[in-house]
Each structure stands twice: as C-alpha cells, then as structure tokens.
C-alpha cells in the first residue's frame, strides 16, 4: 500500500476499561481498522488525563488509538467508530505523510 502526501489522522481517546462484548474496546477498534484495510493503527496508554467528566484519572488510564490513512478511507471508517465509542473523544487532523514503509520481508529490516 502506498501512502504519501496529504492524509487524515484519526485519534480516538477512550478509557482503558472501556469494552465491547467483554473485550477491550481498543482491541475491537484496531481489528476493525485492520479489516477495513486502513494503513495502520497504534494504541498508546496514557499515564494521566481528564476529559468531559473533568475528573483527573490516574488509576483508570486513558487510551489513545491513532489511525492515519487517506481522507476518504478514514471518513469511511467513522460510522464504525461512532457505533463503538459511547464515551470518549474522536478527533481528525490533516497530516502530511513523509514516509510509510514496512519491512522488506518477515522480520527483516534494511541492511
């Protein structure tokens, strides 16, 4: 897959304990993004944060899921995100992709 130039970054902020059918919500989002053919997804665990409730969380960690792809693919994935995320924040940012490349073969990088 080629991804270069203008793209869209979707960042989804949810709670570590948020779930979908007894599984972590971030897991469901990542697997749906993969099944939708998006370029990639990364899950990051925060150490502290607060949101719409204005309560600072240190025991229930915030989670950020970051997905970058072409604008039409990200916007096409939004209905699935809206179905899954009841509580949280979803943002979209325009970005410029400079380099997007995987390993040449399983487990091998450049020499």
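Among the residues examined, residue 5 qualifies as out of contact with any helix residue (DSSP H, G or I) (no Cβ under 8 Å at 6 or more places or on another chain), touching a residue at least 12 places away in the same chain (Cβ under 8 Å) and on the phi > 0 side of the Ramachandran plot. Given the structure, is residue 38 surrounded by 11 or more Cβ atoms within 10 Å (Cβ to Cβ), in a loop (DSSP other than H, G, I, E, B) and at pLDDT 95 or above? Taking the combined requirement at face value, the residue satisfies it. How many of the residues making up segment 51-61 are surrounded by 11 or more Cβ atoms within 10 Å (Cβ to Cβ) and under 18 Å from residue 91 (Cα atoms)? Count: 1.
Residues checked against (1) in contact with a helix residue (DSSP H, G or I) (Cβ under 8 Å, 6 or more places away or on another chain); (2) at pLDDT 95 or above; (3) surrounded by 11 or more Cβ atoms within 10 Å (Cβ to Cβ); (4) assigned to a helix (DSSP H, G or I):
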{"site": "27", "(1), (2), (3), (4)": "no, yes, yes, yes"}
{"site": "44", "(1), (2), (3), (4)": "no, yes, yes, no"}
{"site": "47", "(1), (2), (3), (4)": "no, no, no, no"}
{"site": "66", "(1), (2), (3), (4)": "no, yes, yes, no"}
{"site": "78", "(1), (2), (3), (4)": "no, yes, yes, yes"}
{"site": "82", "(1), (2), (3), (4)": "no, yes, no, yes"}
{"site": "102", "(1), (2), (3), (4)": "no, no, no, no"}
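Residues in segment 10-25 that are farther than 15 Å from residue 51 by Cβ and either outside any loop (DSSP other than H, G, I, E, B) or in contact with a helix residue (DSSP H, G or I) (Cβ under 7 Å, 6 or more places away or on another chain) (or both): 10, 19, 20, 23, 24. Counting only residues that are buried (at least 16 other Cβ atoms within 10 Å of the Cβ) and either at pLDDT 95 or above or in a strand (DSSP E or B) (or both), segment 85-98 holds 2 of them.
The values are calculated or read from the model by the stated rules, or taken from the named source; none is laboratory data. Just so it is clear, the structure is predicted and the values come from calculations on it, not from any experiment. Counting neighbours? That spans all protein chains shown, and the Cβs are built from the backbone with ideal geometry, glycine included.
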